Amino acid sequence: MSRKKTKQHYCGIGGQAVLDGIMMRNGADYAIAVRKADGAIALEKKTGSKKKKSVLSQIPFVRGVVNFIDSLRVGFQSLNFSAETGMEDDEEPGGFELF
């Protein structure tokens, strides 16, 4: 019995957890969903630009370093958005501020 082999495609979808939410990414596009204190969900979508493939993108180590730095950049932007969204509702001073 021969099995017909099908070509598998890489989907490129990934994500990470942020404060009270999640960030999902596919290529240069990503979306962040964060739950606010009142129960509503804040959503931010960003669309990246398609980059030209350069000669440097063909070198495996260089391509990995560039992708790693880009992932860090997007990750920090996502964490900042979730932290700012969560802090909007906290208008009450905490114990340290009252002291």
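Which residue is nearest to Thr85 (Cα to Cα), if the candidates are limited to the stretch 1-31 and must be open to solvent by less than 50 Å² (accessible area, probe 1.4 Å) and of a type in the set (A, V, I, L, M)?
Checking each candidate, the answer is Val18.
Could you check, for the stretch 61-68, whether at least one of its residues is without any contact (Cβ under 8 Å) to a residue 24 or more places away in the chain and assigned to a loop (DSSP other than H, G, I, E, B)?
The answer is no, given that none of the residues of the stretch 61-68 is without any contact (Cβ under 8 Å) to a residue 24 or more places away in the chain and assigned to a loop (DSSP other than H, G, I, E, B).
Keeping to the stretch 32-48, report how many residues are out of contact with any helix residue (DSSP H, G or I) (no Cβ under 6 Å at 6 or more places or on another chain), surrounded by 11 or more Cβ atoms within 10 Å (Cβ to Cβ) and closer than 21 Å to Ile69 by Cβ.
Count: 2.
For the condition over 14 Å from the mean Cα position of the chain (by Cα) and surrounded by 12 or more Cβ atoms within 10 Å (Cβ to Cβ), what is the one hit in Ser57, Ser78?
Exactly one residue qualifies, and that residue is Ser57.
If you scan the stretch 7-25, which residues turn out to be within 13 Å of Gly75 (Cα to Cα) and out of contact with any helix residue (DSSP H, G or I) (no Cβ under 7 Å at 6 or more places or on another chain)?
Gly14, Gly15, Ala17, Ile22, Met24
The values are calculated or read from the model by the stated rules, or taken from the named source; none is laboratory data. If you're wondering where the values come from, they're calculated on a predicted model, not measured in any experiment. Please note: Cβ atoms are built from the backbone with ideal geometry, for glycine as well, and neighbour counts cover all protein chains shown. Each accessible area value is taken on the protein alone, full model and side chains, heavy atoms only, with ligands, DNA and RNA left out. Shrake-Rupley method; radii C 1.70, N 1.55, O 1.52, S 1.80 Å.
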